[in-house]
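Heads up, the thing below is written out as structure tokens.
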Amino acid sequence: MPTSLLIVGHANTGKTSLIRTLIRDHEFGDIQNYSGTTRHVEKISLQLNDQPLLDLIDTPGFEDSIGLWQTRQAAGYQAMTHEQWLNGVLQDQGLAEDFEQEFKILKQLSRCDIILYVIDLRQAPLGKYLDELNILACANKPIVPILNFCQALDNHEAAWKRCLAERQLHAHVRYDTVAFYLADERKLYQTLQSLLPEQYDALQALIKQREEDAAQRLKNAQQALAQTLVQCATNHYVCQSTTPTAPETAAFEESIRQQERALIKHCLALYAFREEDVALDHLPLQEGQWRQDLFDAETLKSWGISTGSSAAAGAAIGAGIDILSAGLTLGTATTIGALLGAGVQTGRSFKATLMNKLRKRSILALKPDSLIALMWRGAQLIEHLHHRGHAAQKVYQGNSATPVTKADMTQLETLFNKLSQRSEWHGLAWLPEHDLVTQLQAAIAQTLAEEP
Ligand SMILES: Nc1nc2c(ncn2[C@@H]2O[C@H](COP(=O)(O)OP(=O)(O)O)[C@@H](O)[C@H]2O)c(=O)[nH]1
Ligand SMILES: [Mg+2]
């Protein structure tokens, strides 16, 4: 049997939002900024391994807890126990109309196992809220206060904690359904574990699964970003002449923007968000003439040609010159690869460069600055999605803060310049195993802040 959690609180404290966040589904229920959106009791199951583990029951907000609590003192009810009063008022037809919303909550109280009382920390613990707690306490069920809106700067956390402690409610959970942290969710499940020893193992398995899923999503998103960056760095657009035309530049830029859009789409699907949740501003791009430095020691080395061996370097350089002077009698990629002592891929890349040189065509490539900007936007997006609750309403438009220091910039520029030389990686559907890729992955991981 799943454990049933009754989510209660004043209107607009974030009850429906809490459920959306816990089940990672932005479609559940209605969320609006005006009061009393949820008019009915609605149930949804949180599953573990396709089995319902927790039943989350959404309720309308309390509207007149003060009035309802006053009936507790009325003749006829005064002498009753709390439980008798609860049952009594529910039978009282004279009260049904005045307390329509409250009655929907009261009816659920006897059926649930645990009450999650959602508090909007931006509100002080006023009498109406304390009366809500008084009413809920009558059901003799465990109450877990959820301190929602905990990221709000101007909040009444200390006052609330005092009021809750006076009512022996010491175990609360801090939460924010918009700025989501897995650590907060873990604390909620741990609190449930302490109240439900028989569900301890199942809840532990849920915590583990949530953590593994989050780690896997993050890893997958980071890989996708690295893959996009490798593809953008090695995207070399061959123009028809020595000067790129405006349509050529536009086509090149569009191919980069399309790569970024594909990355965003991939990450949104990964984190189960909608396309309309993200609207990044225009990506400024800077492109320049791409040059393959054929005789650069680093380039040759990265192709597996050691400049330490002068014979090999000489052979490679010699091959380059021979091919250049041989003009159009260029051999096959295989031959060039063999001459260079490198693979066919390398030979093909070498040949393509030489051919374009001979044909006097310029090649467009993205400048390192633009690649760094792409990396930062991607990393910021991943970080945002990782901490975006499924109840968040605001469209993410990017983060304008500049994260990298000057020292990092120089390092990244060097890294992207080197990556840009690897034209043979363009079009690969996977990330090549290479030191440059490892460096790129480390740089991406570094720009993503650690979860506290
Ligand atoms: N910033 C922030 N907004 C929240 C949070 N929880 C809910 N909201 C917003 O508060 C409003 C009311 O939320 P809702 O879930 O409908 O409240 P309910 O009436 O208790 O179900 C919505 O606009 C939510 O987006 C939170 O933790 N932080
Ligand atoms: Mg609601």
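Read the figures in this text as sums done on the coordinates, not as results from a lab. Treat the numbers as computed from the prediction; the structure is a model and nothing was measured. Please note: Cβ atoms are built from the backbone with ideal geometry, for glycine as well, and neighbour counts cover all protein chains shown.
Below is a table of values for the structure above.
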read-out	value
Total formal charge among the other residues, if their Cβ is under 13 angstrom from that of V41, Lys/Arg +1 and Asp/Glu -1	+1
FRET E, pair K394, E275, Förster distance 22 Å, beta-carbon r, rounded to 0.05	0.90
Using a Förster distance of 25 Å, the FRET efficiency for A137-R186 (Cβ separation, nearest 0.05)	0.40
Summed side-chain charge close to F149 - residues other than F149 whose Cβ falls under 13 Å, Lys, Arg +1, Asp, Glu -1	-2
Shape call, segment 121-213: gyration tensor on alpha carbons, a/c limit 1.5	oblate
Length-normalised contact order of segment 3-195 in % [C-alpha pairs under 8 Å, at least 6 apart]	23 percent
Hull volume in cubic angstrom per residue (convex hull over the Cα atoms of segment 73-169)	110 Å³
Cα-based shape type of segment 35-87, given that a ≥ b ≥ c are square roots of the gyration tensor eigenvalues and the cut on a/c is 1.5	oblate
Part-to-part distance (alpha-carbon centres) for segment 241-270 and segment 115-166, which is given in Å	50 Å
For segment 1-158, fraction of C-alpha pairs farther apart than 22 Å, in %	42 percent
Count of lysine pairs in segment 129-251 with Cα separation under 22 Å (8 or more residues apart, or interchain)	5
Gained length - E433 relative to D25, 0.36 nm times residue gap less alpha-carbon distance	143.2 nm
Approximate spin-label separation Q73-T249, in nm, with each point projected 7 Å along Cα-to-Cβ	7.8 nm
